[in-house]
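S.K.: There's a structure below that I have some questions on.
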Amino acid sequence: MANGGAASGKELMQRAEELLNSYQDSEALQLYEQVLAESPKNYEALCKASFLHCRIGERYPDETSRMRHFLKAKEYAMVAYELQPTDAEANYVMALSLGSEAMASSARIRLQGINQIKSFVDAALVDNPKHAGAWHILGRWYFKMANLNFAEKAASSMFFGGICGEATNEKAAHAIEQAILYNPRNIRYYYDLAFVYEEMKNTSACISTLRKALTVTSETKEELELSRRCNIMLQGKLKS
């Protein structure tokens, strides 16, 4: 029975991975959580379930549903982090879930979450310098911190030591460029990089990035929407 259970768990993990790779997120999450019901400390299942809760939560328009997914993502991430605190994936999903929760929270909690992200991203990149997802989060962190409004900067300085001082749009662009280097098939990275270049008033780099984005094959509704936005943004830049 023990051997049979182990084999069943492996089969579930394999099937979940196949579903994840074919963008069937809800079905994949169901299988990962089925594995966790039997093996609550399955490290890979914890990381994948956390990641999927973040991605699925982003699709909900209502705050209640979004937050339910984000809190579950953080719950799984924290268990994974306790199991392997120096591993790239555990630190990545900690950063991802904290960021997702922060964006759906009040201003104070949002700023607190944003400040917490940096240490987890740094740890992920120490363990795996080629982790595209971690580079992307780092780029978004730099961009957010570099463009805080006056009140947010004051609050960051008062409550969290003002770590936003090290953030620049140039660092944001470099980090997202690294994300693209290690995963050139993710259109979200190009879209976010284009916005950073737009903030930097670097029109030529923005146009080049948008053109590259439109060469990426879109597989999901979210990716098709991002491709549409990139095209609209590109046409606007070419006309200006």
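The values are calculated or read from the model by the stated rules, or taken from the named source; none is laboratory data. Note that the structure is predicted; figures quoted are calculated from it, not measured. Here the Cβ is made from the backbone with ideal geometry for all residues, glycine too, and neighbour counts use every protein chain on show. For the accessible areas, the whole protein counts, side chains as well, though only heavy atoms, and no ligand, DNA or RNA atoms are used. Shrake-Rupley method; radii C 1.70, N 1.55, O 1.52, S 1.80 Å.
S.K.: Please say if segment 74-147 is rounded, prolate or oblate, where rounded means a/c under 1.5 for a ≥ b ≥ c the square roots of the C-alpha gyration tensor eigenvalues, and otherwise the choice is prolate for a/b larger than b/c and oblate otherwise?
M.R.: Numbers: a/c = 2.44, a/b = 1.29, b/c = 1.90.
Oblate, since a/c reaches 1.5 and b/c is not below a/b.
S.K.: Just to be sure I understand, if you calculate Cα Rg over 2.2 N^0.38 Å for this structure, which of (i) 1.13; (ii) 1.06; (iii) 0.95 do you get?
M.R.: Entry (ii).
S.K.: For Lys144, Lys221, Lys212, write out the residues from largest to smallest accessible area, computed with a 1.4 angstrom probe and no ligands counted. Don't jump to the answer; show the numbers that get you there.
M.R.: Numbers: Lys144 70, Lys221 170, Lys212 115 Å².
Putting Lys144, Lys221, Lys212 in descending order of accessible area: Lys221, Lys212, Lys144.
S.K.: Summing +1 for each Lys or Arg and -1 for each Asp or Glu, what net charge is found among the other residues whose Cβ lies under 15 Å from the Cβ of Ser227? Could the numbers behind the result be given before it?
M.R.: On the way: positive: Arg185, Arg188, Arg211, Lys212, Lys221, Arg228, Arg229; negative: Asp192, Glu219, Glu222, Glu223, Glu225.
Surrounding charge for Ser227 is +2.
S.K.: Would you rank Glu38, Glu223 by solvent-accessible area, highest first, keeping every protein chain in place and using a 1.4 Å probe? Before the final figure, lay out each step's value.
M.R.: On the way: Glu38 155, Glu223 35 Å².
Listed by decreasing accessible area, they come as Glu38, Glu223.
S.K.: Kindly report, to the nearest 10 Å², the accessible surface of His174 as traced by a 1.4 Å probe over protein heavy atoms only.
M.R.: Looks like 90 Å² after rounding.
S.K.: Net charge around Ile187, counting only other residues with Cβ within less than 13 Å of its Cβ (Lys, Arg = +1; Asp, Glu = -1)?
M.R.: Working: positive: Arg185, Arg188, Arg211, Lys212, Lys221, Arg228, Arg229; negative: Asp192, Glu219, Glu222, Glu223, Glu225.
Taking every Cβ under 13 Å from that of Ile187, the sum is +2.
S.K.: Select from Phe120, Phe195, Phe51 the residue whose mean-square fluctuation is largest in a Gaussian network model of the chain (Cα-Cα springs shorter than 10 Å).
M.R.: Maximum among the listed residues: Phe195.
S.K.: Rounded to a whole number, what % of the accessible area of the chain do carbon and sulfur atoms account for, probe 1.4 Å?
M.R.: Numbers: 6730 of 12700 Å².
Carbon with sulfur: 53 percent of the solvent-accessible area.
S.K.: Also, quick follow-up: Straight-line reach from Lys237: which lysines fall under 18 Å, measuring Cα to Cα and dropping same-chain residues less than 8 apart?
M.R.: Lys237 reaches Lys201, Lys212.
S.K.: Let me ask something additional. What does the charge add up to near Lys212, with Lys and Arg as +1, Asp and Glu as -1, over the other residues with Cβ less than 14 Å from its Cβ? Please list the in-between numbers first.
M.R.: Numbers: positive: Arg185, Arg188, Arg211, Lys237; negative: Glu177, Asp192.
Its environment carries a net charge of +2.
S.K.: While we're on this one: Please give the solvent-accessible surface of Met200 in Å², to the nearest 10, using a probe radius of 1.4 Å with every protein chain present.
M.R.: For Met200, the solvent-accessible surface is approximately 60 Å².
S.K.: Sticking with this structure for a sec: When the chain is treated as a GNM, springs tying every alpha-carbon pair under 10 Å, which of Glu177, Glu166, Glu75 comes out with the largest mean-square fluctuation?
M.R.: Comparing Glu177, Glu166, Glu75 in a Gaussian network model of the chain, the most mobile one is Glu166.
S.K.: Quick one: accessible surface of Ser97, probe radius 1.4 Å, all protein chains present, in square angstrom to the nearest 10.
M.R.: Using a 1.4 Å probe on the heavy atoms, I get roughly 0 Å².
S.K.: Find the relative contact order for the chain and round it to a whole percent, using C-alpha pairs within less than 8 Å whose residues are 6+ positions apart. Could the numbers behind the result be given before it?
M.R.: Details: 317 pairs, mean separation 25.8, N = 240.
Relative contact order of the chain: 11 percent.
S.K.: Further question on the same structure: Cα to Cα, under 30 Å, and not fewer than 8 places away if on the same chain: which lysines meet these conditions relative to Lys72?
M.R.: List returned: Lys10, Lys41, Lys48, Lys118, Lys130, Lys144, Lys153, Lys221.
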